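**Q** Take a look at this one; I'll ask things after.
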Amino acid sequence: MRVFGHTADIGLAVRGTTLEDLFAWAAVGLTRLAVRPQRRPRAAGSTGEAAGPQALAPRRIPVSVPPAPDPEGLLVGWLNFLIYLLETEGLAYSAGTLRARRETDGLWRLTGELAARPVPPRGLRTTVKAATYHGLRVEWSPGPTPENPGGGLFRARVILDV
Amino acid sequence: MGDEWKGPLRQVGECRWEIPASYKKAMRTSGLIYASPEMVKDILSDQAPEQVANVACLPGVVGLSLAMPDIHWGYGFPIGGVAAFDAEEGIISPGGVGYDINCGMRLLRSDLTLDDVAPRLNDLMDDLAQTVPAGVGSEGPIKLSRSDLADVLVRGAAWAAEHGYGWPEDVGRLEERGALAGADATKVSGEAKKRGLRQLGTLGSGNHFVEIQVIEDVYDLVLARAFGLAKGQIVVMVHSGSRGLGHQVCTDYLAVMDLAVQRYGTNLPDRQLACAPVRSDEGRDYFAAMAGAANYAWANRTCLAHWVREAFARQFGRPARALGLDVVYDVAHNIAKFEKHEVAGEPGLRRKALLCVHRKGATRAFPAGHPDVVEAYRAAGQPVLVPGNMGTHSYVLVGTEQALAETWGSTCHGAGRRLSRSAAKRQVRGSELRRQLEAQGIQVRSHSDAGLAEEAPLAYKDVDQVVNAAERAGLSRRVVRMRPLGVLKG
């Protein structure tokens, strides 16, 4: 996962061995951009600003993403769902069990569940307004690839409005 | 920065540069960029001109695909882009408005001078930093119920004024009187409403700010007087928008339009230009939701101005009214509106037509006498509020007849970015920038050094050049120029 610049905004370039893996890495990238790194919880009785284990306990959230005509649209919908969770619930992606598939109506859908941890006060570092369709790409390279000698690789680029 | 643009750009006037319709097969009209010759190199340094050409490909475009002198690379439409579409045959596009629907500027005047403010500037800035909710993830003291929010979405600034967050006379000095007609709260999603419930009266982050300024130069004494402005006077500029609610409305309807593009068989050169016919269900619903978000933004800036008035009143020990903290004007610079304009009709004839005018990073600039200019300024012309960056000047301009004839009554909206946020941070540290600005006599309050660096003056074009190019092209005229004294960054 890497970040690239755009005049008004910022972009994410991610890779994954499956579409679900790609989506998970995109979520990690978004979280790293939007949320300050958190210190490890300290032992009981210690002082400091770090959030306690209770505050950091993840919550399980069902995935709710609108259907899209292709994987690109699904990726944008997924990131926008995570942005919504961050802003309204103060929850940041930490892990997910995802399934992306094309259904009989021709639309792509993302289902599953994610684990999201609460962001402590002042834990947000950047307001990400939205993931955009501008310059959006999801590409599949058939394997073997250097990153995945046993198979192919998905690559995606998405620009975020910040 | 992106790759340099290699397409055809032909100078067709002192500050006019044409992208011919022959550049791309799908272009339905030419592109026209307003810029002075010395600005063109910067404009060609990324793909913003390509975006001007892309907009020219959209169905129902009327006239040219336009870009103001502060054009820079956006997503879909360029920032600084203006395009009009036939209200019957054309399209409406969330990408032509942007995520921050009705991001805009408000200007408050005062009866104070630099001598009044200078000794108290430090305390005043501290008070503003305490009073104005700002920064990433900021929430405000206003807790809206769902029915309150529905009222805000329809009534905009008037809701805020009636609930004690503004003065009744404020609304008469706002574009559209602070409420765009056609808003329908039922077209705004539950997710968007949830994002809006706790954010009314908050500045946000990024390039949003509250700035105390002093008027340093007056270019047109008569117009300055008409706007209640004079040399040496203290004014306050507020830059904010519709916050998370507006972002979510744009996100929601881009997904809707992404499917609508397939349904209506629209060919797009860039997916972010997703659109639907103005008269389709998708188009009507988007306009109703966008108008709601625009009204939320006008209510938001009304509340922000209220916090500013409270801080001034506390620091000067006098009511805000006694300090003369009246609204000068408030402009939207990310919006789509239905407006009547003259268009080419039968050969040699002009006719009035209803158009859906998209302004994305562009300001309406109607001339004197136009019926849509608020009564207070109808004889003078519409004030145009143009911020610079926190180290340079800002301006009040006035709209012109030529803008009405050429750009659907539009001009520039600011300095325009030239560096990405990450590039800006590589060139200057926030703490160093703070010291530089304070050495220039500009007090800075910011929740984040990194956020401050992202908005460094070096990340922006020269606002004087932008405003001069707009004036040389006849799109607006300078009235006054302000110098910053204190900046509260979002």
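**Q** 7 Å from Cα along Cα→Cβ at both A:L33 and B:E38: what's the point-to-point distance in nm?
**A** Modelled inter-label distance: 3.5 nm.
**Q** In the range B:188-294, carbon and sulfur make up what percent of the accessible area (probe 1.4 Å)?
**A** After summing per-atom areas, the C and S share lands at 49 percent.
**Q** Could you tell me the ratio Rg/Rh of the protein assembly as shown? Both radii from Cα atoms, Rh via Kirkwood.
**A** Value, to two decimals: 0.96.
**Q** Let me ask another. What FRET efficiency comes out for the pair B:Q11/B:Q427, r = Cβ-Cβ distance, R0 = 41 Å, nearest 0.05?
**A** Step by step, r from the Cβ atoms, then E = 0.85.
**Q** Tell me the mean residue ellipticity at 222 nm calculated for chain A from its helices only (DSSP H runs of n ≥ 4, each -39500 (n - 2.57), averaged over every residue, nearest 500).
**A** Calculated mean residue ellipticity at 222 nm is -7500 deg cm²/dmol.
**Q** Got a sec? Which residues of the range B:252-269 lose 50 Å² or more of accessible surface with every protein chain in place, vs. that chain alone, 1.4 Å probe?
**A** Buried on complex formation: B:L259.
**Q** Right, something else. Enter the angle in degrees (range 0 to 90, nearest 10) between the Cα long axis of helix B:281-316 and the first principal axis of the Cα atoms of chain B, meaning the one along which they spread out most.
**A** 20 degrees
**Q** Rounded to the nearest 0.05, what FRET efficiency do A:E103 and A:W140 have when you use their Cβ-Cβ distance and R0 = 22 Å?
**A** After rounding, the FRET efficiency stands at 0.70.
**Q** If you bin every alpha carbon distance in the range B:436-478 into 10 Å steps from zero, what whole percent lands in each bin?
**A** 23, 35, 26, 16
**Q** What does the charge count near A:T97 come to, summing +1 for each Lys or Arg and -1 for each Asp or Glu among other residues with Cβ under 9 Å from its Cβ?
**A** Taking every Cβ under 9 Å from that of A:T97, the sum is -1.
**Q** Interface B/A, total buried accessible area with a 1.4 Å probe, nearest 100 Å²?
**A** In total, chains B and A hide about 2900 Å² from solvent.
**Q** Right, another one. Once the principal axes of the Cα atoms of the range A:99-162 are found, what is the range along each, listed largest first in whole angstroms?
**A** Largest first, the range A:99-162 extends 44, 35, 27 Å along its Cα principal axes.
**Q** Now, a different point. Rank B:R301, A:R117, B:R314 by accessible area, highest first, at a 1.4 Å probe radius?
**A** Solvent-accessible surface, decreasing: B:R314, A:R117, B:R301.
**Q** Further, regarding this structure: Let me know the shape class of the range B:308-429, please: from the alpha-carbon gyration tensor, a ≥ b ≥ c as square roots of the eigenvalues, rounded when a/c is under 1.5, otherwise prolate if a/b is greater than b/c, or oblate.
**A** Taking the square roots of the gyration eigenvalues as a ≥ b ≥ c, the range B:308-429 is oblate.
**Q** Here's a follow-up. Taking K and R as +1 and D and E as -1, what net charge do the other residues with C-beta under 14 Å from the C-beta of B:Y329 add up to?
**A** Net charge around B:Y329: -1.
**Q** Report the dimensions of the range B:209-333 along its three principal axes from the alpha-carbon atoms, largest first, rounded to Å.
**A** 60, 33, 22
**Q** With axes computed from alpha carbons, what is the tilt in degrees of helix B:146-155 against the longest principal axis of chain B, rounded to the nearest 10 within 0 to 90?
**A** The helix B:146-155 is inclined about 70 degrees to chain B.
**Q** If every alpha-carbon in chain A counts as one equal scatterer, what log10 I(q)/I(0) does Debye give at q = 0.15, 0.17, 0.18 1/Å?
**A** -0.83, -1.02, -1.11
**Q** Say each of B:K352 and A:D70 gets a label point 7 Å from the Cα, pointing the same way as Cα to Cβ; how far apart are those two points in nm?
**A** With each label point 7 Å from Cα toward Cβ, the separation is 4.4 nm.
**Q** Given a 1.4 Å probe, how much area per residue of the protein assembly as shown is accessible, in Å²?
**A** Here the per-residue accessible area is 37 Å².
**Q** Could I have the simple spin-label model distance between B:A379 and B:T113, label points 7 Å from Cα toward Cβ, reported in nm to one decimal?
**A** 2.8 nm
**Q** Going through the cross-link list B:K187/B:K337; B:K360/B:K489; B:K143/B:K489; B:K41/B:K461; A:K129/B:K337, which pairs have a Cα-Cα distance over 20 Å in this structure?
**A** Distance filter (> 20 Å) returns B:K360/B:K489; B:K143/B:K489; A:K129/B:K337.
**Q** Pairing the Cα long axis of helix A:71-89 with the longest principal axis of chain A, what angle in degrees results, from 0 to 90 and rounded to the nearest 10?
**A** Approximately 20 degrees, to the nearest ten.
**Q** Given R₀ = 25 Å, what would the calculated FRET efficiency be for A:V3 paired with A:E113, taking r from the Cβ atoms and rounding to 0.05?
**A** In this case the efficiency is close to 0.40.
**Q** Would you mind telling me the share, in percent, of accessible area of the range B:364-421 contributed by carbon and sulfur at probe 1.4 angstrom?
**A** 50 percent
**Q** Now a separate question. Can you give the extra length, in nm with one decimal, that the chain gains between B:L458 and B:E162 once fully stretched, where that is 0.36 nm per residue apart less the Cα-Cα distance?
**A** 102.4 nm
**Q** At a threshold of 8 angstrom on Cα-Cα distance, excluding pairs fewer than six apart, so keeping six or more, what relative contact order does chain B reach in percent?
**A** Worked out over chain B, it gives 22 percent.
**Q** Where the eigenvalues come from the Cα gyration tensor of the range B:163-238, what are the semi-axes √(5λ) of the equivalent ellipsoid, largest first, in whole Å?
**A** Whole-Å semi-axes of the equivalent ellipsoid: 33, 17, 11.
The values are calculated or read from the model by the stated rules, or taken from the named source; none is laboratory data. Note that this is a predicted model, so its numbers are computed, not measured. Note that each Cβ is placed from the backbone with ideal geometry, even for glycine, and that neighbours are counted across all protein chains shown. Quick note on the areas: whole protein, heavy atoms, side chains included, nothing else; ligands and nucleic acids left out. Shrake-Rupley method; radii C 1.70, N 1.55, O 1.52, S 1.80 Å.
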